[in-house]
1. Could you check, for the stretch 56-67, whether at least one of its residues is more than 29 Å from residue 178 (Cα to Cα) and either in contact (Cβ under 8 Å) with a residue 12 or more places away in the chain or surrounded by 16 or more Cβ atoms within 10 Å (Cβ to Cβ) (or both)?
2. Of all the residues that make up the stretch 1-32, how many are among the β-branched types (Val, Ile, Thr) and at pLDDT 80 or above?
3. So in the stretch 125-147, with the set limited to residues that are touching a residue at least 60 places away in the same chain (Cβ under 8 Å) and part of a helix (DSSP H, G or I), which one is surrounded by the fewest Cβ atoms within 10 Å (Cβ to Cβ)?
4. State whether the residues of the stretch 9-17 include one that is aromatic (Phe, Trp, Tyr), out of contact with any Pro (no Cβ under 7 Å at 6 or more places or on another chain) and not in a loop (DSSP other than H, G, I, E, B).
5. What is the residue count in the stretch 12-42 for residues that are aliphatic (A, V, I, L, M) and either surrounded by 10 or more Cβ atoms within 10 Å (Cβ to Cβ) or touching a Phe, Trp or Tyr at 6+ places or on another chain (Cβ under 9 Å) (or both)?
6. Let me spell it out: the conditions are (1) over 16 Å from residue 140 (Cβ atoms); (2) assigned to a loop (DSSP other than H, G, I, E, B), and residue 57 meets all of them except one. Which number is the exception?
7. For the stretch 87-105, give me the residue count where each residue is of a type outside the set (A, V, I, L, M), exposed (fewer than 14 other Cβ atoms within 10 Å of the Cβ) and part of a strand (DSSP E or B).
8. Can you run down the residue pairs with Cβ atoms below 9 Å, 6 or more apart or on separate chains, where the first is in the stretch 99-124 and on the phi > 0 side of the Ramachandran plot and the partner is of a type outside the set (Asp, Glu) and surrounded by fewer than 15 Cβ atoms within 10 Å (Cβ to Cβ)?
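The values are calculated or read from the model by the stated rules, or taken from the named source; none is laboratory data. Bear in mind that the values here come from a model prediction, so they are computed numbers and not experimental data. Here the Cβ positions follow ideal geometry from the backbone for every residue, glycine too, while neighbour counts run over all protein chains shown.
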Amino acid sequence: MLGEGILKGMAETAKNFAGSFVSADRLTTVQYPEQRIPTFENARVFPFLVYDGPDWAAGMRCVACQICEKECPPKCIYIEKSRDKKPDFVGKPQFYPARFDIDISVCMSCQICVEVCPFEAIKMDTEFELATDDRFRGLLLDRQQLAKSNEYYHQIHPTEAGEVDARLDAEKAAAAAKAKVAAQAAAKAAETAKTAPAKPAPPAGGED
């Protein structure tokens, strides 16, 4: 029937309009920005960098491996690796990003950077109100602007963040156990060497 789709759409609109007077579920619009619809947990907008602890620079998980920069389809990530190292979340000395910029005017929110990161250092944010009157520098975010705490990550993606923390804690515990075993083996070897009888010195001269 010609126009059947239009009639169905108008009927749905009329049903929502009439129902909005008796049921809040029929209110399909809100008075933005005073009213806001809660963001879904799996929503994604642009990436951010996760850090642990109170200091964003000291606690940043990123080790400047540059995998996300290489895998980014629109090439909007720019990373410079540091010359020195600092301990990562398991205490292993690692490089860190001396520079980490993302041009969100180019970013396509594909989440590939999140999927390829082996250190759980980059995640997708849900913040979308990022308009600026500076179309160049205003949309190029540096590492300090991108850095957000693990607590913030738990607020926007609680299920995913809980799974990530459990996995990182397991890796940290395994690394600590391995280091403890190595330390015990080294101590045992040193004790054995200390208590072992000394070998007699070879005679100074030859046989008569």
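1. Taking every residue of the stretch 56-67 in turn, none turns out to be more than 29 Å from residue 178 (Cα to Cα) and either in contact (Cβ under 8 Å) with a residue 12 or more places away in the chain or surrounded by 16 or more Cβ atoms within 10 Å (Cβ to Cβ) (or both).
2. Our first condition is that a residue be among the β-branched types (Val, Ile, Thr); within the stretch 1-32, this holds for 6, 13, 22, 28-30.
Subsequent filtering for residues that are at pLDDT 80 or above retains 6, 13, 22, 30.
Going through the stretch 1-32 one residue at a time, the tally reaches 4.
3. Checking each candidate, the answer is 144.
4. The answer is yes, given that some residue of the stretch 9-17 is aromatic (Phe, Trp, Tyr), out of contact with any Pro (no Cβ under 7 Å at 6 or more places or on another chain) and not in a loop (DSSP other than H, G, I, E, B).
5. Residues of the stretch 12-42 aliphatic (A, V, I, L, M): 14, 18, 22, 24, 27, 30, 37.
If we keep only those that are either surrounded by 10 or more Cβ atoms within 10 Å (Cβ to Cβ) or touching a Phe, Trp or Tyr at 6+ places or on another chain (Cβ under 9 Å) (or both) too, we end up with 14, 18, 27, 30.
Matching residues across the stretch 12-42 total 4.
6. Against the list (1) over 16 Å from residue 140 (Cβ atoms); (2) assigned to a loop (DSSP other than H, G, I, E, B), residue 57 comes up short only on (2).
7. Final tally of qualifying residues: 3.
8. As it stands, the answer is 120/167, since those pairs meet every condition given.
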